[in-house]
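Reviewing the structure listed below.
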Amino acid sequence: MQKTLFFFLLAGTNIAHAQTSLGKLTVEKIMRDPAWIGTSPSGMRWSADGQYLFFNWNPTAAAADSVYYITTKDHDPKKAAYTFTQETVMANGIVYNNKRTACIYAKNSDIYYKEIKSGKTKRIVNTAEFEYSPQFAYNDRKIIYTRSQNLYAWDIASGETEQLTRIHAGSNGRAGGRDRNDNDNEQEKWLRKDQLANFDILKQRRKKKEARDDYNKAVKEKEMRSIGIEDKNMQSLALSPDGRFVSYRLYKSAGGNKGTLVPDYVTESGFTTDLPGRTKVGEQPGTFEFFIYDRNTDSLYNLKTDTLPGIKDLPDYVKDYPKQLEELTKKPTNRPVSWTAVGWSPGGNYLLLDILSQDNKDRWLAIWDAASLSLYAVQRERNEAWVGGPGFYNRGWLNDESIWFQSEASGYSHLYTLDIKTGRKKQLTSGNYEVQDADLSADKKHFYITTNEVHPGEKHFYRLPVAGGRAEKLTTLTGSNQALLSPDEKNMAIVYSYSNKPAELYWQETKATAKMEQVTNKGQTEEFKSYNWRDPEVISFKARDGADVYARLYKPANPHPAKPAVIFVHGAGYLQNAHKWWSSYFREYMFHNMLADEGYTVMDIDYRGSAGYGRDWRTGIYRFMGGKDLTDHVDAAGWLVKNAGISKDRIGIYGGSYGGFMTLMAMFTTPDVFAAGAALRPVTDWAQYNHGYTSNILNEPANDSIAYRRSSPFYYANGLKGDLLICHGMVDVNVHYQDAVKLSQRLIELGKDNWELASYPMEDHAFVEPSSWTDEYKRIFKLFERVLKRL
């Protein structure tokens, strides 16, 4: 009776008071109406004066979120009028001068200047064009901004505006042009000389012209240099604080890369249309160049990478390809890089650059020295897998000669300072945990950091002295504490959640002894709270190589006699799910509660490649997706059999995206471990996926075919023994439906008959229609019921 009722509800049958083993919660609501859970705040932002905290919220179950606010004195949320939010200047767009007596900001495509003490505000430009990126320069006497890819300066005292650069498409050259004779060939030069030798009037006119040119040159003001950027895109245009140097990056996309097409079959017109898609891994990369223009000497410098240590180093994987290695070592060349300008030092003497090799193996922090006009590296981070990790782009200046940054050099992402003169580096945090985010205080005396030091599955907020020492823990509640400081750093807005409690907004003074005050209370509806949602136990077990693997475990109060279990595989990117906060996989979380009520034991693990566990864990899947990440799941299955009394022949596995890929690898390469699997929107062949994600982990197909061959389920389909369900959206522009079609043909040719493909004609990678979610999870549950509970 209970299972019959479950399917009626999941199919959308209107049974007003029907209930399942979930108490008051109907299974239909798990997949069909996530809004019934409640509403959590998001998008926090402070007003520039720190008096208002704005956030997105929907406590009235409207069609969409609205903007709400609280004040420093009144913590009762109020809905913000549109004009109020439009007129309020937000803190994240404010730039202060050195003494913090004035600030500037961009608003409605114009630039504004505000005196802090008087509150007087002045709009310094009022044009139809788009002005952006304001900064103070010339010892805070002028405001610099960008318009139409050029820099302008507004003098605060005089109100005069000056154009600082003349950058344009096309070739270099002065705006006045050049003598038409400059490019004469030898024959033309001889002819001109002969003409002047034989005609006196020509000689006289020539002398008069030279005299006029000399006079005009003497009295004419210096002409602004015209800088052509050809057909390249200019990015990151900036001026040094003293106004002398202009820095910018040029990018040119590679030609010839072929985009993909995704057919859309169910359309309003009735005709099939093609959706333009991404390119595939192995695409030709674009090229980057970095320039610095000296306005004093009229010199333009194109920075070169020759001085970077290891710029010619080859990745280790080429040793597996002797012919490729031989060719590459004949004529070593500088590897192509991408450039990021972090910023000029406060005094304008140095420019900090973040340089990343396009093969993903190296990252340099480098300094361009204005005195010596030279570029040199102060920090190199090499990883034979790929460089990355949390806080990867957290870096900046402490003072004129010291920088700060995050690095995984120790094996975990930690915070460092470095003296660019002496090379002395100081590690401010250490241990087997990650600094996941870091910000420098306004007075540059403290860092505010978020770490998982307490537990891999917790996030807490700390204050750390720049000079080093013990970090002061500012949050106390177990779970995830995502804090946002007020502009004056006296208060914190915190979005907090726990494993079985969706996120709410809290307010707290920036003190370790202060109490967190709950501001919102709509994260759970009364109906949602009527069910006793499990607080999954976070455990760890030993993998075969001795590593500790963290997992969430859902235990059934009444295990089914068959002792079945299901392992869920989270998606990739860089995330985790074995944690103590409300999961982004909220549907799966509720589904796991339902499975536990139906007698299943459920586990989801943070396998190799997951976030939160340091460099070696993050890169543990390098050149072999479906290697250690899969054996972690096989070891999890073994733990369930040994420690939870699960039947070894009744273990299922499922997941979406990377989780779908992992399910296929499990079903194809370890078929005696998993009896049933549901692969949702899976990658079946990594050579078909995108460049940015895949080239990090597997390099490129043409250069490292070994990695792609052993990492793609398509090549292992013959190993399928158990029952397999594949679900895929047909307009998926991320993992293309082509992957499912390609694998289907392979399974047909292999004569496999214990599989099925469920296609969703109107769904992208992330489903949006409740009916699609419902159909998908109905099929997953039916698969597990049929296979894992059969006697």
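The values are calculated or read from the model by the stated rules, or taken from the named source; none is laboratory data. For clarity, every value in this text was computed on a predicted model and none was experimentally measured. Methodologically, a virtual Cβ is constructed for each residue, glycine included, from the backbone with ideal geometry; neighbour enumeration extends over all protein chains shown. Each accessible area value is taken on the protein alone, full model and side chains, heavy atoms only, with ligands, DNA and RNA left out. Shrake-Rupley method; radii C 1.70, N 1.55, O 1.52, S 1.80 Å.
Within a Cβ distance under 11 Å of Y654, other residues only, what is the Lys/Arg minus Asp/Glu net charge? Net local charge, Y654 excluded: -2.
For segment 715-791, a Kirkwood hydrodynamic radius built from all Cα pairs, placed in the Stokes-Einstein relation at 37 °C and 0.692 mPa s, yields a translational diffusion coefficient of 242 µm²/s.
Rounded to a whole number of µm²/s, how large is the Stokes-Einstein D of segment 430-538 at 20 °C and 1.002 mPa s, given Rh as the Kirkwood radius over C-alpha pairs?
Numbers: Rh = 15.1 Å.
The diffusion coefficient I find is 142 µm²/s.
Protein chains only, probe 1.4 Å: how do E87, E230 rank by accessible area, largest first? If you can, show how the numbers build up before the last one.
On the way: E87 130, E230 100 Å².
Correct descending sequence by accessible area is E87, E230.
Compute the signed sum of charges (Lys and Arg +1, Asp and Glu -1) over the other residues within less than 15 Å, Cβ to Cβ, of L365. Around L365, the charge tally is +1. Set Lys and Arg Cβ to +1 and Asp and Glu Cβ to -1, take the dipole of the chain about its Cα centre, and tell me which of P559, Y622, P276 lies farthest positive. Ranked along the dipole, the leading option is Y622.
For Y498, nonlocal amide neighbours, meaning residues 5 or more places apart or on other chains whose placed amide H falls under 5 Å from its own, are W582.
With n ≥ 4 as the cut-off for DSSP H runs, can you work out [θ] at 222 nm for the chain, using -39500 (n - 2.57) per run divided by the number of residues, rounded to the nearest 500? Please report the intermediate quantities before stating the final value.
Details: 15 runs with 158 residues, N = 791.
Taken over the chain, the calculation gives -6000 deg cm²/dmol.
Estimated at 0.36 nm per residue, the fully extended path between A702 and S236 surpasses their Cα-Cα distance by 164.5 nm. Applying 1/(1 + (r/R0)^6) with R0 = 56 Å to the Cβ-Cβ distance of T422 and K258 gives a FRET efficiency near 0.65. Applied to segment 438-452, the Karplus parametrisation 6.51 cos²θ - 1.76 cosθ + 1.60 on θ = phi - 60° returns per-residue 3J(HN,Hα) values of 8, 9, 8, 5, 4, 8, 6, 9, 9, 9, 10, 10, 10, 9, 10 Hz, with x for Gly and Pro. Each of T513, N577, N500 was placed along the dipole of segment 477-612 (beta-carbon charges, centred on the mean Cα), and the one lying farthest toward the positive end is N577.
Gain in length, D298 to Y393, computed as 0.36 nm per residue apart minus the alpha-carbon separation, to one decimal in nm?
Details: separation 95, 0.36 × 95 = 34.20 nm, distance 3.24 nm.
Full extension from D298 to Y393 adds 31.0 nm.
With N the number of residues in the chain, Rg(Cα) / (2.2 N^0.38 Å) evaluates to 1.13. The mean of 1/r over all distinct Cα pairs in segment 46-173, once inverted, gives the Kirkwood hydrodynamic radius of 16.8 Å. Solvent-accessible area assigned to carbon and sulfur over segment 230-274 amounts to 46 percent, based on a 1.4 Å probe.
Net charge dipole, segment 697-742: roughly 200 debye, given to the nearest 20, about the Cα centre with Cβ charges of +1 for Lys and Arg and -1 for Asp and Glu. Straight-distance candidates among the lysines for linking to K361, with alpha-carbon spacing under 17 Å and chain neighbours fewer than 8 residues away dropped: K312, K319. Take the Cα of Y265, step 7 Å toward its Cβ, do the same at R123, and the gap between the two points is 5.4 nm. Residues whose amide H lies under 5 Å from that of K459, counting only those 5 or more places away or on a different chain, are G479, S480, N481; hydrogens are built 1.01 Å from N in the peptide plane. Restriction of the GluC sites (Glu not before Pro) in segment 240-347 to DSSP coil positions whose beta-carbon has at most 10 other beta-carbons within 10 angstrom yields E268.
Rounded to the nearest whole Å², what accessible area per residue is found for the chain with the 1.4 Å probe? Don't jump to the answer; show the numbers that get you there.
Details: 36920 Å² over 791 residues.
It amounts to 47 Å² per residue over the chain.
Counting other Cβ atoms within 10 Å of each Cβ, which GluC sites (Glu not before Pro) in segment 365-466 have at most 14 and sit in a DSSP loop? Walk me through the intermediate numbers first.
Details: sites: E381, E384, E401, E408, E434, E453, E458; in loops: E384, E401, E408, E434, E453, E458.
Those satisfying the criteria are E384.
Evaluate E = 1/(1 + (r/R0)^6) for S42 and V454, where r is the Cβ-Cβ distance and R0 equals 25 Å; express this FRET efficiency to the nearest 0.05. Before the final figure, lay out the partial values.
Details: r = 24 Å, r/R0 = 0.97.
That pair, S42 with V454, gives E of 0.55.
Phi angles across segment 498-508 convert, under the Karplus curve 6.51 cos²θ - 1.76 cosθ + 1.60 with θ = phi - 60°, into 3J(HN,Hα) values of 10, 3, 10, 10, x, 5, 10, 9, 10, 10, 8 Hz, Gly and Pro given as x. Projected over every direction and averaged, the convex hull enclosing the alpha-carbon atoms of segment 729-768 yields 2.9 nm².
Dividing the Cα radius of gyration of segment 363-452 by its Kirkwood radius returns 0.97 for Rg/Rh.
Pick out, in residue order, every one of the trypsin sites (Lys or Arg not before Pro) in segment 258-326 that is DSSP loop and has at most 15 other C-beta atoms within 10 Å; say none if there are none. Don't skip to the answer; put the middle values down first.
On the way: sites: K258, R278, K280, R295, K304, K312, K319, K323; in loops: K258, R278, K280, R295, K304, K312.
In loop regions of segment 258-326 (DSSP not H, G, I, E or B), the sparsely surrounded trypsin sites (Lys or Arg not before Pro) are K258, K304, K312.
Between the listed residues I748, Y716, H736, the Cα displaced farthest toward the positive end of the dipole of segment 714-760, a dipole computed from Cβ unit charges relative to the Cα centre, is found at Y716. How large a share of the accessible area of segment 528-571, in percent, is made up of carbon and sulfur atoms when the probe is 1.4 Å and the other protein chains stay in place? About 45 percent, which is the carbon plus sulfur part of the accessible surface.
Report the calculated FRET efficiency for S158 and L196 (r = Cβ-Cβ distance, R0 = 51 Å), to the nearest 0.05. Before the final figure, lay out the partial values.
On the way: r = 50 Å, r/R0 = 0.99.
With R0 = 51 Å, the Cβ-Cβ based efficiency is 0.50.
Expressed as a whole percent, the accessible surface of segment 60-159 that belongs to carbon and sulfur atoms is 48, based on a 1.4 Å probe.
At 1.4 Å probe size, put T60, T267 in order of accessible surface, largest to smallest.
Numbers: T60 100, T267 35 Å².
Result of the area sort, largest leading: T60, T267.
In order along segment 255-262, the phi-based Karplus estimate (6.51 cos²θ - 1.76 cosθ + 1.60, θ = phi - 60°) of 3J(HN,Hα) comes to x, x, 6, 9, x, 9, 10, 10 Hz; Gly and Pro are listed as x.
What is the gain in length, in nm to one decimal, between R166 and K529 on full extension, counting 0.36 nm per residue of separation less the C-alpha to C-alpha distance? The partial results should precede the final answer.
On the way: separation 363, 0.36 × 363 = 130.68 nm, distance 6.29 nm.
Between R166 and K529, full extension yields an extra 124.4 nm.
Can you tell me how segment 238-388 classifies by the Cα gyration tensor, rounded, prolate or oblate, using a/c under 1.5 as the rounded cut? Oblate, because a/c is 1.5 or more while a/b does not exceed b/c.
Modelled spin labels at D76 and K207, positioned 7 Å past Cα toward Cβ, are 9.5 nm from each other. Here the label points at T85 and T287, each 7 Å from Cα along the C-beta direction, are separated by 4.5 nm in the simple model.
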